[in-house]
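**Student:** Pasting in a structure now, in structure tokens, and then I'll have a few things to ask.
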Amino acid sequence: MAPSKSNFSITTFFPLTFIVLLNLMISYSFAHPHKGVHPNDVDALQFALNLEHLEADFFLHGSSGKGLEDFAPELVGGGPPPIGASKANLDNLTKDIITEFGFEEVGHLRIIKATVGGFPRPQLDLSPHNFAKIFDDAFGRPLSPPFDPYNSSLNYMLASYVIPYMGILGYVGANPSLNGHKTKRLLAGLLGVEAGQDAVIRSYLFERATEIVHPYNHTVAEFTDRVSKLRNKLANNGVKDEGIVVPLASGAENKTSANVLSADYNSLSYSRTPAEILRVLYGSGSEHTPGGFLPKGGDGKIAKSFLHI
């Protein structure tokens, strides 16, 4: 007797099996974002989300008056809206720069959360009051009128000087502790763009180094020097921050006072630990005392571990 023919042949079985397995793999990858990532690398990259969220909303609001929830609501995760964020009074060039920065930060948030998971947007304070306090502390006295980051292009770029550089130092500091190829590649990509953003900001300000910031009767270079010294003081671990103009003895190879890129004796990027970064972001000089840009403290295992001490 000839064998009966089946409508379900081997040629249809394997394609269907492949499709089923592919769907299972995709579902698993979304449910387990850490897949293929060394477990010891997760906390360090999640910590960076505190800064990436800060930069994203500062740049998005500054350039458009809209926040992360307007462009990528899935990345907000139900977190609260930033305090005091506003559209800045920017000229066309500065607006184009900051618009690009904002959307770059959206990409950073997306790839970090897709790779290692994450947490909702933390409570951020991007208010003029918070920035005014930073610049008051930098100069050791209240500025009059209070510094408003959203008032002009120059003010906004001086305020921008405060933020991305901390991300660079954090990524440089985290690099030696990473174990997996996937996370090392991610960190390298993030660091490259963060360093580029900081270079653009510092170049913009260096071109205006001798310009007076009205109505404060201090130059742009003085503003950057004061902010850098404040960050060194708050971080409390030596000099890892310099303004756009430095003494000749502190310049590259001791041969220039131009300091468009802040770097150490060998012209390598400085690094900071999470504790140092939190001391600066909180504005309190203590990783255990929230405030500043993160009034309720940072999120993620590393930041929360300091709050529980």
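**Student:** Among (1) touching a helix residue (DSSP H, G or I) at 6+ places or on another chain (Cβ under 8 Å); (2) part of a helix (DSSP H, G or I); (3) over 13 Å from ASP137 (Cα atoms); (4) of a type outside the set (Gly, Ala, Ser), where does GLU242 come up short?
**Tutor:** Only one criterion is unmet by GLU242, namely (2).
Yes/no matrix, rows are residues, columns are (1) modelled with pLDDT of 95 or more; (2) in a helix (DSSP H, G or I); (3) touching a Phe, Trp or Tyr at 6+ places or on another chain (Cβ under 8 Å):
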site	(1), (2), (3)
ILE112	yes, yes, no
LYS133	yes, yes, no
LEU143	yes, no, yes
PHE147	yes, no, yes
ASN151	yes, no, no
ALA188	yes, yes, no
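**Student:** Let me ask something else. What's the number of the condition HIS181 fails, among (1) surrounded by fewer than 16 Cβ atoms within 10 Å (Cβ to Cβ); (2) touching a Pro at 6+ places or on another chain (Cβ under 9 Å)?
**Tutor:** Only one criterion in (1) surrounded by fewer than 16 Cβ atoms within 10 Å (Cβ to Cβ); (2) touching a Pro at 6+ places or on another chain (Cβ under 9 Å) is unmet by HIS181, namely (2).
**Student:** Looking at PHE103, PHE14, PHE58, can you tell me which residue is under 16 Å from TYR156 (Cβ atoms) and either assigned to a helix (DSSP H, G or I) or at pLDDT below 95 (or both)?
**Tutor:** Among PHE103, PHE14, PHE58, only PHE58 is under 16 Å from TYR156 (Cβ atoms) and either assigned to a helix (DSSP H, G or I) or at pLDDT below 95 (or both).
**Student:** Right, another one. Output the number of residues of the stretch 224-239 satisfying the condition of being in a helix (DSSP H, G or I) and either of a type outside the set (S, T, N, Q) or more than 15 Å from LEU205 (Cβ to Cβ) (or both).
**Tutor:** Number satisfying all stated conditions: 10.
**Student:** Then there's this: Surrounded by fewer than 19 Cβ atoms within 10 Å (Cβ to Cβ), touching a Pro at 6+ places or on another chain (Cβ under 7 Å) and modelled with pLDDT of 95 or more, is that true of SER203?
**Tutor:** no
**Student:** Any idea which residue in the stretch 251-295 is nearest to the chain's Cα centre (by Cα), counting only those that are assigned to a loop (DSSP other than H, G, I, E, B) and of a type in the set (Lys, Arg)?
**Tutor:** Filtering first and then ranking leaves ARG272.
**Student:** Tell me whether the stretch 195-218 contains one or more residues that are touching a helix residue (DSSP H, G or I) at 6+ places or on another chain (Cβ under 9 Å), part of a strand (DSSP E or B) and not aliphatic (A, V, I, L, M).
**Tutor:** Yes, that holds for at least one residue.
**Student:** Run TYR156 past the list (1) more than 22 Å from ALA56 (Cβ to Cβ); (2) in a helix (DSSP H, G or I) and report the number of the one that doesn't hold.
**Tutor:** So the condition that TYR156 fails would be (1).
The values are calculated or read from the model by the stated rules, or taken from the named source; none is laboratory data. All values derive from a computational prediction rather than experimental measurement. For neighbour counting, all protein chains shown are included, and Cβ atoms are generated from backbone atoms with ideal geometry for every residue, glycine included.
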